Each structure stands twice: as C-alpha cells, then as structure tokens.
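Every number in this text was worked out from the coordinates using simple rules, so none of it is lab data. This is a predicted model, so every value here is computed, not measured. Here the Cβ is made from the backbone with ideal geometry for all residues, glycine too, and neighbour counts use every protein chain on show.
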Amino acid sequence: MNLFANEMCKIHLAASCATDDGATPLFIAAQNGHCSVVSLLLTHGARVSTPRLDSATPLWIAAQMNHSDVCKMLLLAGHHVDALRKNGATPLFKAAHKGYIDVVHELLKFKPNLGILPNGESALHAACLFGHLPVVKMLMRAGADPKIVNADGYLPIQLAKNANHGQVVHYLNQWQVYVR
C-alpha cells in the first residue's frame with residue numbers, strides 16, 4: 001500500500017474512534033477550535049453530530065468554547081442547529097448565555113429555535129440574565145419574543161432587572177414600546 005493510501009486509511013479510522021467519554025476526534029477538534037482538523041475529519045467521513053456520552057455534540061461544544069468558524073463549518077456540513085444536550089440546552093442557548101456574539105450570529109443563519117427549550121428557558125432569557133446586550137439585540141432582531149415566560153414564570157426583562165442589567169432593561173423597554 002502506498003504511503004498516501006496508508007495515511008488516508010489512518011485518517012478514516014481516526015474519524016470514527018472515540019474516547020471513554022464518547023468524544024470523537026471531530027468533537028475534540030471542535031472543542032479546541034481546530035478548523036483545519038475539523039475540515040479534514042469531515043472530508044474523511046467523520047459523522048458531523050455524533051454526541052459524547054453526556055449528549056454534547058461537536059456543535060454544542062464549539063458554541064460553548066466560542067469557536068464561530070467551527071460552528072459555521074459544522075452547520076454547513078449538516079449538523080442540526082438545535083441539537084439538545086441532556087439538560088435541554090441548545091448551542092444557541094449556550095452561546096447566548098456566554099455572550100458569544102459571533103457564534104450567535106452564525107447559529108441564527110440556520111434558523112434555530114428561539115422559543116422555550118426543554119430546560120425551561122430561551123436563549124433570550126439566558127442573554128438577559130447575564131447582561132449580554134449585543135446578544136439580546138441580535139436575538140430580538142431575529143424574532144425572539146420578549147413576552148415569553150420561562151418555566152419559573154419570568155419574562156426576559158424580569159431576569160435582567162433582577163440581575164441589575166440596566167442597559168438590557170432599558171433596551172427591552174424601548175423595544176416593547178416600539179412594537180406596541
């Protein structure tokens with residue numbers, strides 16, 4: 001077997017193996033933001049959305065780690081934008097929670113769920129709770145509903161107010177007045 005074919009076989013085998021916790025090479029490359037490795041693995045047959053044992057997927061971990069370019073690659077390769085983790089959180093929820101505007105921007109291109117998730121929250125609730133005004137603005141422009149209540153009965157604006165995020169409260173008040 002020639003050297004090139006041998007290396008291609010190694011890459012193909014590596015694309016489908018996993019660690020004890022179920023992390024595939026694609027998952028690990030996504031977690032660490034290695035775009036070139038993600039591309040190589042996808043080209044050689046890595047399954048785009050294979051979850052780890054805790055149900056975190058490559059897209060979910062890339063969103064959590066603020067790797068917007070990796071998120072874009074995975075989405076273009078067919079990863080489901082609303083892949084849920086066992087706790088009911090999506091990649092968009094995690095990116096909004098962390099305030100990762102570039103990741104949120106990439107995810108919104110693929111029309112994710114902006115409503116209440118199985119975890120009882122929405123991405124807008126997460127962004128408001130942690131005071132991420134640029135993310136709040138982006139989610140609102142994408143169609144997030146500021147009048148939706150979470151599982152505890154709170155509006156996004158109430159979470160922002162309770163957490164003393166005055167700029168978010170001010171923005172949502174202005175937006176709500178504008179839509180009336």
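Please go through the range 20-34 and give me each residue that is surrounded by fewer than 17 Cβ atoms within 10 Å (Cβ to Cβ) and touching a Lys or Arg at 6+ places or on another chain (Cβ under 9 Å), ordered by number.
Matches in the range 20-34: Asp21, Gly22.
Would you check if there is a residue in the range 127-143 being crowded, with 24+ Cβ neighbours inside 10 Å and over 16 Å from Ala63 (Cβ atoms)?
Looking through the range 127-143, at least one residue is crowded, with 24+ Cβ neighbours inside 10 Å and over 16 Å from Ala63 (Cβ atoms).
Might you let me know whether the range 92-108 holds any residue that is under 29 Å from Pro156 (Cβ atoms), hydrophobic (A, V, I, L, M, F, W, C) and in contact with a Phe, Trp or Tyr (Cβ under 6 Å, 6 or more places away or on another chain)?
Of the residues in the range 92-108, the ones under 29 Å from Pro156 (Cβ atoms) are 92-108.
Then drop every residue that is not hydrophobic (A, V, I, L, M, F, W, C), which leaves 92-93, 95-96, 101, 103-104, 107-108.
Still in the running and in contact with a Phe, Trp or Tyr (Cβ under 6 Å, 6 or more places away or on another chain): none.
No; the residues of the range 92-108 include none that is under 29 Å from Pro156 (Cβ atoms), hydrophobic (A, V, I, L, M, F, W, C) and in contact with a Phe, Trp or Tyr (Cβ under 6 Å, 6 or more places away or on another chain).
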